[in-house]
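A.B. asks: I am attaching a structure below and will ask some questions about it afterwards.
The values are calculated or read from the model by the stated rules, or taken from the named source; none is laboratory data. Keep in mind the model is a prediction, meaning the values are calculated, not measured. As a convention, Cβ positions derive from the backbone with ideal geometry for all residues, glycine included, and neighbour counts pool all protein chains shown.
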């Protein structure tokens with residue numbers, strides 16, 4: 001039955017329809033055939049049996065009527081009645097002759113031909129003998145007419161009636177046989193029609209059930225597989241290998257399931273990779289956010305320290321300016337000491353030039369702090385030297401000693417503030433160098449003790465000039481500190497932006513992780 005299974009569904013249905021049409025055509029043909037046979041049998045029954053029976057019965061009736069008319073003419077004495085009977089007799093004879101002629105024209109069997117020939121011979125004899133009766137009546141001899149009819153005409157007449165009775169009985173029997181044959185044909189036709197109909201119904205039902213099984217079974221299987229696939233089972237496979245439309249549909253279904261299965265596997269793998277990447281991004285973002293927060297706190301701390309440092313430097317600058325103003329009074333008598341102060345200022349400039357750029361670099365900030373601290377120490381040393389020289393100068397150096405003492409105090413305050421800032425910056429600068437080598441400036445001043453007041457005045461002038469330079473350096477340090485503070489503020493702003501971006505990235509990573517989890521849960525519903 002492989003050929004039927006591989007047949008297209010339309011051809012299967014068409015085959016079932018054609019088979020049903022063939023069976024119906026067979027039933028129709030049998031009905032048509034036997035209907036025609038019954039029609040022919042009916043026509044034959046009418047023309048070959050009923051018509052002969054009618055003609056024989058008519059001839060018998062005419063014969064009996066003529067016999068009665070003969071008796072009536074013998075018995076009647078009324079001439080008018082006799083004429084009427086004679087006219088009726090003549091009409092009957094004519095009708096009898098017509099019936100004989102019609103019967104002789106029919107298709108007769110040999111038995112009928114023999115009997116009918118005997119009938120015509122007996123009828124001719126009867127008519128000949130009957131003339132004797134009519135001759136006696138014409139003479140008025142009724143008794144002679146009766147005796148002649150009874151003696152001569154009646155025996156052939158009885159034979160005529162007997163032959164007609166035989167023909168009637170024979171045709172009646174033949175008609176009954178035809179009717180029985182028609183009934184037999186009808187029974188055979190009914191049996192054949194019923195048999196063909198039953199066979200057609202059984203065959204159509206069997207073939208229909210077979211086709212239905214070949215069509216409905218695979219369709220139900222496909223519905224079941226689709227239902228399982230709808231519930232997420234992507235391991236389903238159709239086993240239908242027929243080459244009809246349903247088989248092709250099953251093959252396409254298998255290919256579709258295989259493709260979807262592969263896509264789901266790829267989606268599952270991608271979802272897992274995406275989840276892992278999202279977790280890694282989230283962890284990295286949290287670490288960055290933590291570092292950024294620490295950096296922001298450190299930047300804030302450094303900002304506060306730089307504010308304190310700037311205030312301290314400005315205070316040093318103001319005090320240095322004040323000391324310079326106070327030293328100007330002694331500048332006129334401190335010419336000899338100008339060279340020493342000038343040398344010190346030149347050393348301070350050399351130290352200032354060696355300070356690196358402080359914008360955005362913690363190491364540079366540390367170096368600046370170290371330079372400032374060194375300047376404070378040098379200033380303190382210069383103040384100490386100035387105090388020593390002032391003590392040597394006696395009364396003339398008291399004013400300068402006061403200035404030197406103020407400079408020393410300012411240097412001490414500046415050094416203390418610088419050390420505090422350096423200590424704070426050291427806690428922030430984890431990745432910077434612990435310290436910057438202090439620039440050692442060998443500024444040995446060979447102060448020759450002498451009795452010359454001019455040398456003492458020169459020392460005082462040099463100290464005054466150095467105070468002036470200190471003031472200028474302090475102003476420069478204040479400007480650089482302002483720039484450092486501005487850089488710190490920029491760093492803080494960038495840190496805040498980085499923190500905001502990090503939070504947004506973390507939120508996006510979390511949302512991506514959540515979507516990956518939802519995708520994984522959705523994909524896990526499929527069985528692959």
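A.B. asks: Considering only region 257-272, state which residues are more than 15 Å from residue 223 (Cα to Cα) and modelled with pLDDT of 80 or more. Break it down into steps so the answer makes sense when it comes.
C.D. replies: First, pick out the residues of region 257-272 that are more than 15 Å from residue 223 (Cα to Cα): 258-272.
Of everything in region 257-272, those that are more than 15 Å from residue 223 (Cα to Cα) and modelled with pLDDT of 80 or more turn out to be 258, 259, 262, 266, 269.
A.B. asks: Please report, ordered by residue number, the helices (runs of 4 or more DSSP H) entirely within region 1-77 with at least 3 residues that are at pLDDT 85 or above. Walk me through it before giving the result.
C.D. replies: On the way: elements: 2-5, 9-44, 51-75.
The qualifying helices (runs of 4 or more DSSP H) are 9-44, 51-75.
A.B. asks: Residues 202, 160: which one is in a helix (DSSP H, G or I) and farther than 26 Å from residue 56 by Cα?
C.D. replies: Details: 160 fails: farther than 26 Å from residue 56 by Cα.
The conditions single out 202.
A.B. asks: Now for a separate question. Six or more apart or on different chains, Cβ atoms under 6 Å: show the pairs whose first residue is in region 7-30 and closer than 14 Å to residue 192 by Cβ and whose second is modelled with pLDDT of 80 or more.
C.D. replies: Every condition considered, the pairs that remain are 23/200; 26/196; 27/193; 27/196; 27/197; 30/192; 30/193.
A.B. asks: Give all pairs with beta carbons closer than 6 Å in which a residue from region 66-88 that is without any contact (Cβ under 8 Å) to a residue 60 or more places away in the chain and assigned by TED's automatic domain parsing to the domain that holds residue 153 meets a residue that is surrounded by 14 or more Cβ atoms within 10 Å (Cβ to Cβ) and outside any helix (DSSP H, G or I); count only pairs at least 6 apart in sequence or on separate chains.
C.D. replies: Listed by first residue and then by second, the contacts come to 82/76.
A.B. asks: Scan region 89-133 for residues that are assigned to a helix (DSSP H, G or I) and touching a residue at least 24 places away in the same chain (Cβ under 8 Å) and report the count. Steps first, answer last, please.
C.D. replies: Of all residues in region 89-133, those assigned to a helix (DSSP H, G or I) come to 89-105, 110-133.
Narrowing the set further to residues that are touching a residue at least 24 places away in the same chain (Cβ under 8 Å) leaves 92-93, 95-96, 99-100, 102-103, 111-112, 115-116, 118-119, 122-123, 125-126, 129-130, 133.
Here the count works out to 21.
A.B. asks: When you go through 264, 193, 198 one by one, which is the residue that is surrounded by 12 or more Cβ atoms within 10 Å (Cβ to Cβ) and over 21 Å from the mean Cα position of the chain (by Cα)? Walk me through how you get there before you give the answer.
C.D. replies: On the way: 264 fails: over 21 Å from the mean Cα position of the chain (by Cα); 198 fails: surrounded by 12 or more Cβ atoms within 10 Å (Cβ to Cβ).
Sole residue among the options that is surrounded by 12 or more Cβ atoms within 10 Å (Cβ to Cβ) and over 21 Å from the mean Cα position of the chain (by Cα): 193.
A.B. asks: Answer yes if at least one residue in region 229-239 is surrounded by 14 or more Cβ atoms within 10 Å (Cβ to Cβ), part of a helix (DSSP H, G or I) and outside the structural domain of residue 53 (by TED's automatic domain parsing), and no otherwise. Break it down stepwise before answering.
C.D. replies: Residues of region 229-239 surrounded by 14 or more Cβ atoms within 10 Å (Cβ to Cβ): 229, 232-234, 236, 238.
Subsequent filtering for residues that are part of a helix (DSSP H, G or I) retains 229.
Within this subset, residues satisfying the condition of being outside the structural domain of residue 53 (by TED's automatic domain parsing) are 229.
Looking for residues that are surrounded by 14 or more Cβ atoms within 10 Å (Cβ to Cβ), part of a helix (DSSP H, G or I) and outside the structural domain of residue 53 (by TED's automatic domain parsing), one finds at least one in region 229-239, hence yes.
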